[in-house]
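Written below as structure tokens is the structure these notes are about.
The values are calculated or read from the model by the stated rules, or taken from the named source; none is laboratory data. Owing to the predicted nature of the structure, the values given are computational and were not obtained by experimental measurement. Because the Cβ atoms are built from the backbone with ideal geometry, glycine has one as well, and the counts that use them run over all protein chains shown.
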Amino acid sequence: MLALSSIVSQSMVMPTPAGKAYLQTMPGITAPFGFFDPMGLTDDITMEEAKLFREAELAHGRVAMMGALGFLVQENFHPIFADIDGPAARQLDLVLKTSNGQLVSSCLLLAIFLSEIGRANFGWQDPDVAMRTLRTEYSPGELSFDPLNMMPKDEAGIAAMKNKELNNGRLAMLAVAGIVAQEVVTEKTLFGSFV
């Protein structure tokens, strides 16, 4: 009976909110803002939630960096669908109206699906064990994917590289939001609005 009560009491213990302190030890705190949380959103989060937020920030930052580059390239060079023009924010709508566009989009969705399954298997616990939980040995964003061997070997170099990735990802998220807003409002291409 004593063992059962200790199991029940352990399962009822809520995690302590140490997420803010944990976030302050992670990369991403750079000048000029330092630790930037003006609304206090990280005051009451747990360390596990802090890791989930960082994982989401890295994933969205990486997608946004590719998206920002995609906007710049897509409006000037698109040989597969050469007849489709206009703002890149609206080009997918036009591409999906063609049968080739639907085929290419299906292949793209399959590639995204497989890469996300791989990422989930690498960093996330099995849903049968715990829902929405990262593996304890996994550090957010570290997928061991470095085909060009660009990651530095020393701790200071690794921290600098992580800071650069986070800052570039944050800038890219803001840039993509601005690009999309500009193109949707003006109905002109990214650089066509300035002409």
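Could you check, for segment 163-177, whether at least one of its residues is surrounded by 14 or more Cβ atoms within 10 Å (Cβ to Cβ) and more than 30 Å from Q74 (Cβ to Cβ)? Taking every residue of segment 163-177 in turn, none turns out to be surrounded by 14 or more Cβ atoms within 10 Å (Cβ to Cβ) and more than 30 Å from Q74 (Cβ to Cβ).
Mind checking whether some residue in segment 88-97 is modelled with pLDDT of 90 or more, surrounded by 11 or more Cβ atoms within 10 Å (Cβ to Cβ) and either touching a Ser or Thr at 6+ places or on another chain (Cβ under 8 Å) or outside any helix (DSSP H, G or I) (or both)? Yes; the residues of segment 88-97 include at least one that is modelled with pLDDT of 90 or more, surrounded by 11 or more Cβ atoms within 10 Å (Cβ to Cβ) and either touching a Ser or Thr at 6+ places or on another chain (Cβ under 8 Å) or outside any helix (DSSP H, G or I) (or both).
Between R135, R170, the distinction of being basic (K, R) and closer than 16 Å to V63 by Cβ belongs to R170 only. In this structure, A59 does satisfy being under 30 Å from G123 (Cβ atoms) and of a type in the set (A, V, I, L, M). Taking the criterion of being in a loop (DSSP other than H, G, I, E, B), surrounded by 12 or more Cβ atoms within 10 Å (Cβ to Cβ) and touching a residue at least 24 places away in the same chain (Cβ under 8 Å), the residues of segment 30-50 that qualify are I45, T46. Note on segment 1-33: residues that are under 30 Å from G61 (Cα atoms), of a type in the set (G, A, S) and at pLDDT below 90 total 4. Taken together, V104, V184 contain a single residue that is assigned to a helix (DSSP H, G or I) and in contact (Cβ under 8 Å) with a residue 40 or more places away in the chain, which is V184.
Apart from one condition, L69 fits all of (1) buried (at least 18 other Cβ atoms within 10 Å of the Cβ); (2) under 20 Å from L143 (Cβ atoms); (3) of a type in the set (A, V, I, L, M); the exception is (1).
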